[in-house]
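**Student:** Just passing along the structure, written as structure tokens.
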Amino acid sequence: MKEQDFETFWRKNRQTLLQADKGYQQATKQFKTTSGADMLLYAIPAVAGLTSFDYIPLESEILKWAACAGIVIVSFVICVWIKSVTTSSEDMYSVEQRVKEAARKEWEAENGLSSTQQTK
């Protein structure tokens with residue numbers, strides 16, 4: 001019963017344990033489009049890309065379209081980042097680490113291990 005045994009347990013039961021946690025459910029719901037304000041996540045990048053097309057100082061139209069695509073992608077990433085900062089108090093990584101640590105403690109208790117016994 002070592003670290004490898006817990007990691008095997010975690011890989012098998014990871015999704016079930018995460019789905020049971022309310023913090024994880026809330027963190028995954030933050031990426032869903034639920035309101036009109038969320039629709040701006042799609043509108044702002046499209047408008048930014050299309051309006052910038054005429055102002056890009058390139059001769060080749062293909063390069064202009066590529067630059068516009070880059071602007072759309074960057075502005076979409078910025079919009080998603082802003083939404084995640086404003087809607088969530090805890091990110092998915094920290095939720096997963098918290099759930100994993102709680103599962104480790106429960107697994108150790110079920111298997112009669114303490115943290116000091118496991119490292120030996």
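**Student:** Which of the following residues is at negative phi, under 17 Å from the mean Cα position of the chain (by Cα) and without any contact (Cβ under 8 Å) to a residue 40 or more places away in the chain: Q19, Q26?
**Tutor:** Details: Q26 fails: without any contact (Cβ under 8 Å) to a residue 40 or more places away in the chain.
The conditions single out Q19.
**Student:** Find all pairs meeting these conditions: Cβ atoms under 7 angstrom apart; at least six residues apart or on different chains; first residue within the stretch 74-95 and open to solvent by less than 70 Å² (accessible area, probe 1.4 Å); second residue acidic (D, E).
**Tutor:** Sorted first by the residue in the stretch 74-95, then by its partner, the pairs are V95/D21.
**Student:** Regarding the stretch 60-79, can at least one residue be identified that is under 19 Å from the mean Cα position of the chain (by Cα) and at pLDDT below 85?
**Tutor:** Start the filter on the stretch 60-79 by keeping residues that are under 19 Å from the mean Cα position of the chain (by Cα), which leaves 73-79.
Checking the rest, the ones that are also at pLDDT below 85 come to none.
The answer is no; no qualifying residue exists.
**Student:** Separate question: Identify, from the list S60, S75, the residue that is under 27 Å from T86 (Cα atoms) and not basic (K, R).
**Tutor:** Within the list S60, S75, the selection yields S75.
**Student:** Here's another thing I want to ask about it. Any residue in the stretch 8-27 that is aromatic (F, W, Y), modelled with pLDDT of 80 or more, open to solvent by less than 70 Å² (accessible area, probe 1.4 Å) and closer than 16 Å to K105 by Cβ?
**Tutor:** Yes; the residues of the stretch 8-27 include at least one that is aromatic (F, W, Y), modelled with pLDDT of 80 or more, open to solvent by less than 70 Å² (accessible area, probe 1.4 Å) and closer than 16 Å to K105 by Cβ.
The values are calculated or read from the model by the stated rules, or taken from the named source; none is laboratory data. Being a predicted model, the structure only gives us computed values, none of them experimental. For neighbour counting, all protein chains shown are included, and Cβ atoms are generated from backbone atoms with ideal geometry for every residue, glycine included. For the accessible areas, the whole protein counts, side chains as well, though only heavy atoms, and no ligand, DNA or RNA atoms are used. Shrake-Rupley method; radii C 1.70, N 1.55, O 1.52, S 1.80 Å.
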